[in-house]
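One structure below.
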C-alpha cells in the first residue's frame, strides 16, 4: 500500500517497488473519510501518472472507509443484522470510489490504467454505469474540459474490473475471487480471464 497521504512519497515508493516485480497496488477507496483528499482530486495526478507509466493495476478493497462509523448500531438492530447491513452497504463504498474515479476523469486521462474493485461484488455495476451514462449524455458532460469522452460505461468496460464470490446475476467484466479475503485473489485479465 502506498503512502497515499504524501503524493511525492507515494510516487517514490511506486518507482522503487515497480522494478522489484510488484504486480499490483492496493489503494484506499474512501481516503476522504480519513481526512485525506478525494480520489478524484487533481492533487493525486502524479500518482495516477506514475502508476499508468509503470503499467500496474490498482485494486480498491472494500472497507476502506470509516469502519467504526459503519459498524455503529445506534438503532440496536442486533449484531448479526447489523453485520448483514454493513456487508451490503460496504460493497457500495467501492461503487462510490469508482464513481469518484470516473467523474474525476482518471480513466479518461489514463486510458490504460487498470482499476479493480476487490471483494465488492459486481451487482452494482449495471446500475452505476447507467446512472453515470444517462446524465453524462443528457447534460453533455463531454462538452466540459477536460475532455470527458468516451461515456463512463465505455471507460468502465475498457479498464475497470470487479471481483465477486457469491453473485450469479448481473455480471459484466468481472473476476472471480477464490480464496476469500486476499486482494491478490483476482487477475486483471493479463493472462487471466475477463
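The values are calculated or read from the model by the stated rules, or taken from the named source; none is laboratory data. In this text the structure is predicted, and so the values were computed from the model without any measurement. Cβ sites come from the backbone with ideal geometry, for glycine too, and all protein chains shown count toward neighbours.
Annotations for the structure displayed:
- For the stretch 86-137, the set of residues classified as buried (at least 16 other Cβ atoms within 10 Å of the Cβ) and without any contact (Cβ under 8 Å) to a residue 12 or more places away in the chain is empty.
- The listed residue being more than 24 Å from residue 122 (Cβ to Cβ) and either at pLDDT 90 or above or touching a helix residue (DSSP H, G or I) at 6+ places or on another chain (Cβ under 6 Å) (or both), out of 30, 59, 16, 40: 16
- Any chance residue 11 is part of a helix (DSSP H, G or I), in contact with a strand residue (DSSP E or B) (Cβ under 8 Å, 6 or more places away or on another chain) and modelled with pLDDT of 85 or more: no
- Enumeration of residues in the stretch 14-35 that are part of a loop (DSSP other than H, G, I, E, B) and surrounded by fewer than 16 Cβ atoms within 10 Å (Cβ to Cβ): 21, 22, 23, 35
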